[in-house]
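Below is one structure; the comments refer to it alone.
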Amino acid sequence: MAAHVAAAVVVLLATAILLPGAAAEWSLTKKGTIVSYDERSLMIDGKRDLFFSGAIHYPRSPPEMWDQLIKLAKLGGLNTIETYVFWNGHEPEPGKYNFEGRFDLIRFLKLIKDNDMYAIVRIGPFIQAEWNHGGLPYWLREIGHIIFRANNEPFKREMEKFVRFIVQKLKDAEMFAPQGGPIILSQIENEYGNIKKDRKVEGDKYLEWAAEMAVSTAIGVPWMMCKQSMAPGEVIPTCNGRHCGDTWTLRDKNKPRLWTENWTTQFRTFGDQLAQRSAEDIAYAVLRFFAKGGTLVNYYMYHGGTNFGRTGASYVLTGYYDEAPMDEYGMCKEPKFGHLRDLHNVIKSYQKAFLWGKQSFEILGHGYEVHNYELPEEKLCLSFLSNNNTGEDGTVIFRGERYYVPSRSVSILADCKTVVYNTKRVFVQHSERSFHTSDESSKNNVWEMYSEAIPKFRKTKIRTKEPMEQYNQTKDTSDYLWYTTSFRLESDDLPFRRDIRPVIQVKSTAHAMIGFANDAFVGAGRGSKRDKSFVFEKPMDLRVGVNHIAILSSSMGMKDSGGELVEVKGGIQDCMVQGLNTGTLDLQGNGWGHKARLEGEEKEIYAEKGMTKFQWKQAENDLPITWYRRYFDEPDGDDPVVLDMSSMSKGMIFVNGEGLGRYWTSFKTLAGQSSQSVYHIPRAYLKPKGNLLVVFEEELGKPDGILVQTVRRDDICVFISEHNPAQIKTWESDGDQIKLIAEDHSTRGTLTCPPKRTIQEVVFASFGNPEGACGNFTAGTCHTPDAKAVVEKECLGKESCVLPVIHTLYGADINCPATTATLAVQVRCKRSGKKKASG
């Protein structure tokens, strides 16, 4: 067993989980702690350990939320928090650094330490992360002869300079485990395998250089490279993906199996449908990975947060990984949160057998297998019993006992005999969000506006024969670049027929645009994440004499990945007018003027000081390129606050000068819905009275339809079948073993309201064959009408209630041909004595 020392961390976590608000005493590392690894796991002061980690990115939430997010993650059974380091956030200009506010990395790490948790820091410094430009500062593109992430001296020089700067900053704050800090693992580079084919031999040289450079920083903890099967020297290769237990091969058998990104859902771009990944599938993947010897899993994301301002990559939604175990607003999403929490607690309760036991493997049938970990001398044994078949439940015999294993599930067998967890048996409640329009914020819904001026060619300062590339003009300081040109038409040029209108046709590699002809709005066009270019075609009215064309081109973030990242370009590629009596008019070489950024951006119209520089007037609906403002009061209570932007189209949102991000409700999915219509306002950005809301609308919108709302998870549900056989036995941990308390052959569901709320309404109840999900249940053909009355009697007025899943209790006909003997219940929790707000 070869142990590779690389330094730092720990003592075991206390068995009691801290409640939010409770203070923690640092106990995991001390001066001189050594973090090393062998073929089984990372080792803390020579002891193997298990690591359940969750990704929480500090710039995607305000600092005021960090402590609560970390505490909730710990309640979810995690002992580690992972984050990237964001180069373009920390060094927006060469040599000028930013570690304030949301970019206060040290403050974030100190809070992790305060909560007695480990930290994983992925320095990169290329990170992808659906973050603008993959985390690389724009100014790198302006360095001569640079090639990103290659055996290229200009890039390696800047990369090494930043990595060493960050490492020194972390050392100065004593953040690494050998210093008594929380960091036990760090990452250099990021998913290099995705572009290695473009680099060939030079890619290997670059990776070797990056590994040697990272190790030379002497941080005292191991380095890793993710999404790779091998890594240079002592650097640990790790897996990223959905099913690393079945899709990834670790070639270096002297290194531990670590999973740096277990994707809890699919990140979404504008135009995408809702993306979900079930709690059952995530749990199945984790146990498949652990069954084969994995000892670290990092959920990417555990809390996604918000892409504030312009930080999102091209087309990426402002709300990031909202379907994670903790949603964008920091609320627990059930059943993901609770089902994974139970998994973590079960494995940790039997970790001695798992980490030190002798491994064995048996095939029990087609698609059925078991992985065992045994310490016979201590009578410790743990088994992972898997059914890897899709859509085929089954029963297998293992060591003389029969076990029912649902399809694509894993059962944990304590003492290699007793089922204490199955990935497909979800006994925790489900939750659904509800949105409530704020009475306080709806008062004085009075808007004012200021419209941007449409530039003319003759008044622009930057003029060229053809349209210029967009990013070289904006330099990532704005999403917007104006293109404008002028041309003269004679009466013979215009169509003779009134039913024929000239059409402007523009090919663009930007992301969206709006067009104007002689100051009249022509329309909007867009591309998509999957299309590298798009064509804008709109009819317009032209006149005899000089005609002015103005196009506002926009970028919805810079691309975040790819070997050609430094070469990515945007902007107008071709422009012509069709439908003229004299034929097609090619405008590409007509002479173009350019203006980067909006006037409102330059003068900070979205802030109290800046907006005094403009003449505001009473707002009108459906005007393009218009800034709107109003004031509102903070909603009562402590529920998260959002803006419903359904009445608008595309633009940016600011509250009290803080950029909340891009909105694009006019970009519909195939189902005709907006990918994101509500946008988070962290309460940290609000004051009790007189909050300034400023919205820039590119296209057409109705600002008086914008709603200030609060969000709750007051609708909670259970969905459990009586047919779930071999109900998990009640257990508790007793040292290194699981102690059985009692055997409970009944199936039951528990409903528990959020704090300070009780069950006030039974929205749905059915026993038989109900279908759907929480918030959208429907009764089946075997529905029993008595179910609702039974649930109301058991639950109304209570903070929590337990519902047995027994057909006789609900008067159900178990012989109904289509029955699944399933209980589906949705209840609504409310504060006692308060009416539900509209919304």
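Selection within the range 506-527: residues that are in a strand (DSSP E or B) and surrounded by fewer than 17 Cβ atoms within 10 Å (Cβ to Cβ). The member of this set that is nearest to the chain's Cα centre (by Cα) is Lys507.
When the test is whether a residue is of a type in the set (A, V, I, L, M), over 30 Å from Ile681 (Cα atoms) and open to solvent by 30 Å² or more (accessible area, probe 1.4 Å), Leu364 passes it. None of Lys668, Lys689 is in contact (Cβ under 8 Å) with a residue 24 or more places away in the chain, in the same structural domain as Phe632 (by the TED database) and within 21 Å of Ala512 (Cα to Cα) except Lys668. Open to solvent by 10 Å² or more (accessible area, probe 1.4 Å) and among the polar types (S, T, N, Q): is that true of Asn389 in this structure? Yes. Just one of the listed residues (Tyr350, Tyr299, Tyr373) is closer than 24 Å to Met43 by Cβ and at pLDDT below 95, and it is Tyr350. Among the residues of the range 473-492, the one identified as acidic (Asp, Glu), open to solvent by 10 Å² or more (accessible area, probe 1.4 Å) and farther than 21 Å from Arg543 by Cβ is Asp476. Set side by side, the residues Leu355, Leu385 differ, and just one is of a type outside the set (Phe, Trp, Tyr) and within 13 Å of Gly293 (Cβ to Cβ), which is Leu355. Of Lys739, Lys798, Lys793, all but one fail to be open to solvent by 40 Å² or more (accessible area, probe 1.4 Å) and at pLDDT below 90; the exception is Lys739.
Scan the range 536-572 for residues that are of a type in the set (Asp, Glu), modelled with pLDDT of 95 or more and open to solvent by 10 Å² or more (accessible area, probe 1.4 Å) and the total you get is 2.
Of the residues making up the range 325-354, those that are more than 21 Å from Leu751 (Cα to Cα) and part of a loop (DSSP other than H, G, I, E, B) are Glu328, Tyr329, Tyr350. Only a single criterion out of (1) free of Cβ contacts under 8 Å to residues at least 40 places away in the same chain; (2) under 20 Å from Ser434 (Cα atoms) is not satisfied by Pro754, namely (1).
Of all residues in the range 231-275, those satisfying the criterion of being open to solvent by less than 40 Å² (accessible area, probe 1.4 Å) and in a strand (DSSP E or B) are Ile236, Pro237, Thr238, Cys239, Asn240, Gly241, Leu258, Trp259, Thr260, Glu261, Asn262, Thr269. Could you tell me whether Thr778 is within 31 Å of the chain's Cα centre (by Cα) and among the hydroxyl-bearing types (Ser, Thr, Tyr)? Criteria met by Thr778. Just to be sure I understand, how many residues within the range 41-73 are under 30 Å from Thr249 (Cβ atoms), touching a helix residue (DSSP H, G or I) at 6+ places or on another chain (Cβ under 6 Å) and open to solvent by 10 Å² or more (accessible area, probe 1.4 Å)? Of the residues in that region, 1 qualify.
Could you list all residues from the range 684-702 that are aliphatic (A, V, I, L, M), more than 26 Å from the chain's Cα centre (by Cα) and open to solvent by less than 10 Å² (accessible area, probe 1.4 Å)? Residue satisfying the conditions is Leu692 alone.
Here's the yes/no breakdown for (1) among the polar types (S, T, N, Q); (2) crowded, with 24+ Cβ neighbours inside 10 Å; (3) out of contact with any helix residue (DSSP H, G or I) (no Cβ under 9 Å at 6 or more places or on another chain):
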site: Arg310; (1), (2), (3): no, no, no
site: Ser314; (1), (2), (3): yes, no, no
site: Glu323; (1), (2), (3): no, no, no
site: Met326; (1), (2), (3): no, yes, no
site: Lys336; (1), (2), (3): no, yes, no
site: Val346; (1), (2), (3): no, no, yes
site: Gln351; (1), (2), (3): yes, no, yes
site: Leu355; (1), (2), (3): no, no, yes
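Of the numbered criteria (1) modelled with pLDDT of 95 or more; (2) more than 26 Å from Gly557 (Cα to Cα), the one Glu202 fails is (1). Within the set Gly203, Gly181, the sole residue that is part of a loop (DSSP other than H, G, I, E, B), in contact (Cβ under 8 Å) with a residue 12 or more places away in the chain, touching a Lys or Arg at 6+ places or on another chain (Cβ under 7 Å) and surrounded by 19 or more Cβ atoms within 10 Å (Cβ to Cβ) turns out to be Gly181. Pairing residues of the range 551-570 that are within 19 Å of Leu481 (Cβ to Cβ) with residues that are of a type in the set (D, E, K, R), at Cβ distances under 6 Å and at least 6 apart in sequence or on separate chains, gives Ser554/Asp479; Ser555/Asp479; Val568/Lys559; Lys569/Glu469. The residues of the range 801-811 that are touching a strand residue (DSSP E or B) at 6+ places or on another chain (Cβ under 7 Å) and either of a type in the set (Val, Ile, Thr) or surrounded by fewer than 14 Cβ atoms within 10 Å (Cβ to Cβ) (or both), listed by number, are Val802, Val805.
With respect to the stated conditions, Gly294 is modelled with pLDDT of 95 or more, part of a loop (DSSP other than H, G, I, E, B), buried (at least 23 other Cβ atoms within 10 Å of the Cβ) and of a type in the set (Gly, Ala, Ser).
Scan the range 126-141 and give yes if some residue there is open to solvent by less than 10 Å² (accessible area, probe 1.4 Å), within 25 Å of Lys197 (Cα to Cα), assigned by the TED database to the domain that holds Leu258 and touching a Pro at 6+ places or on another chain (Cβ under 7 Å), otherwise no. Looking for residues that are open to solvent by less than 10 Å² (accessible area, probe 1.4 Å), within 25 Å of Lys197 (Cα to Cα), assigned by the TED database to the domain that holds Leu258 and touching a Pro at 6+ places or on another chain (Cβ under 7 Å), one finds at least one in the range 126-141, hence yes. Reported count of residues in the range 528-551, each being of a type in the set (D, E, K, R) and either under 18 Å from Pro495 (Cβ atoms) or assigned to a strand (DSSP E or B) (or both), is 5.
Scanning the range 420-461 for residues that are part of a strand (DSSP E or B), of a type in the set (Gly, Ala, Ser) and surrounded by fewer than 20 Cβ atoms within 10 Å (Cβ to Cβ) returns Ser434, Ser451. Residues that are more than 30 Å from Ala324 (Cβ to Cβ) and among the polar types (S, T, N, Q): does the range 435-444 have at least one? Yes, there is a match, as at least one residue in the range 435-444 is more than 30 Å from Ala324 (Cβ to Cβ) and among the polar types (S, T, N, Q). Of a type in the set (A, V, I, L, M), farther than 17 Å from Leu587 by Cα and modelled with pLDDT under 95: is that true of Ile500 in this structure? In short, yes. From the residues in the range 573-583 that are of a type outside the set (A, V, I, L, M) and open to solvent by 20 Å² or more (accessible area, probe 1.4 Å), which one is nearest to the chain's Cα centre (by Cα)? The selected residue is Gln573. Just one of the listed residues (Gly203, Gly241) is in the same structural domain as Tyr84 (by the TED database), within 24 Å of the chain's Cα centre (by Cα) and small (Gly, Ala, Ser), and it is Gly241. In the range 406-419, the qualifying residues are those that are over 32 Å from the mean Cα position of the chain (by Cα) and assigned to a strand (DSSP E or B), and the one that is surrounded by the fewest Cβ atoms within 10 Å (Cβ to Cβ) is Thr418.
The values are calculated or read from the model by the stated rules, or taken from the named source; none is laboratory data. None of the values given here were measured: they were computed from a predicted structure. Ideal geometry is used to build each Cβ from the backbone, glycine not excepted, and the neighbour counts take in all protein chains shown. Remember, those area values only see protein heavy atoms, side chains included, never the ligands or the DNA or RNA. Shrake-Rupley method; radii C 1.70, N 1.55, O 1.52, S 1.80 Å.
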